[in-house]
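The values are calculated or read from the model by the stated rules, or taken from the named source; none is laboratory data. The structure presented is a predicted model; accordingly, all values stated were derived computationally and were not measured. Cβ sites come from the backbone with ideal geometry, for glycine too, and all protein chains shown count toward neighbours. All accessible areas refer to the heavy atoms of the entire protein, side chains included, with ligands and DNA or RNA removed. Shrake-Rupley method; radii C 1.70, N 1.55, O 1.52, S 1.80 Å.
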Amino acid sequence: ETDNEVDEKGVSKQRRKAPVAPGSDEENSYEEMSMKEIMTGKGDYFPGLIPLVRAYLDYVNCDDVAHAQITKYLDFIELRAVGKLVTPATWMRNFVRGHPSYKGDSVISQNIAYDLMMACKEIGEGTRHESDLLGDFKIDPISPRGAYDVKLEGRKVKNDDLMQLVRRYANRQSFTETRKHSVSEKAL
């Protein structure tokens, strides 16, 4: 077996070799993960990127306006990562397949292409809502008003403090469900 061979997914075996992680004696201390696992975490050893961002926002004492906006984005990304919202590629394929002019022959006519581009333009401008692509999310334009009123903290983070904060977020089952529950409690 040589390093030039490819595996069952067509990836060279040399590329699959990972360097040894600092402090680890495990030769290939890595593993493949799904987008859901990368974004929301896996087991008790990888917290996920979304919990890391949430922990960072708490750590720097992010102002409420920015925190609320970033939370919308993170919720959107989480829904996309776990498969509750389709990807743009899937939405476009479904659009083409459902177009009245499409004949199922893999040919995209000028009419279909034009309608697809117009639909994409309208979605981008916020004049068209596609719930399977966007869910309930409508991202409002970001206003610079009040954006610079709160200075973020720049102190060096201690590893123990950071890990405690990351564990706090990683232990949440679903950020979306947690927030919905806390909002409904506040309404009572």
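Structural remarks
- Filter pass, residue 9 being open to solvent by 100 Å² or more (accessible area, probe 1.4 Å) and either on the phi > 0 side of the Ramachandran plot or modelled with pLDDT under 80 (or both): yes
- Residue within region 18-37 that is under 30 Å from residue 151 (Cα atoms), surrounded by fewer than 16 Cβ atoms within 10 Å (Cβ to Cβ), modelled with pLDDT under 95 and not small (Gly, Ala, Ser) present: no
- Residues that are touching a residue at least 24 places away in the same chain (Cβ under 8 Å), touching an Asp or Glu at 6+ places or on another chain (Cβ under 9 Å) and either within 27 Å of residue 54 (Cβ to Cβ) or surrounded by 16 or more Cβ atoms within 10 Å (Cβ to Cβ) (or both), drawn from region 82-102: 84, 85, 86, 91, 95
- Residue match in region 98-115 (condition: within 26 Å of the chain's Cα centre (by Cα) and either at pLDDT 80 or above or under 22 Å from residue 86 (Cβ atoms) (or both)): no
- Residue within region 133-151 that is under 26 Å from the mean Cα position of the chain (by Cα), open to solvent by less than 70 Å² (accessible area, probe 1.4 Å), at pLDDT 90 or above and not small (Gly, Ala, Ser) present: yes
- Those residues of region 48-69 which are surrounded by 18 or more Cβ atoms within 10 Å (Cβ to Cβ) and under 10 Å from residue 153 (Cα atoms), in sequence order: 62
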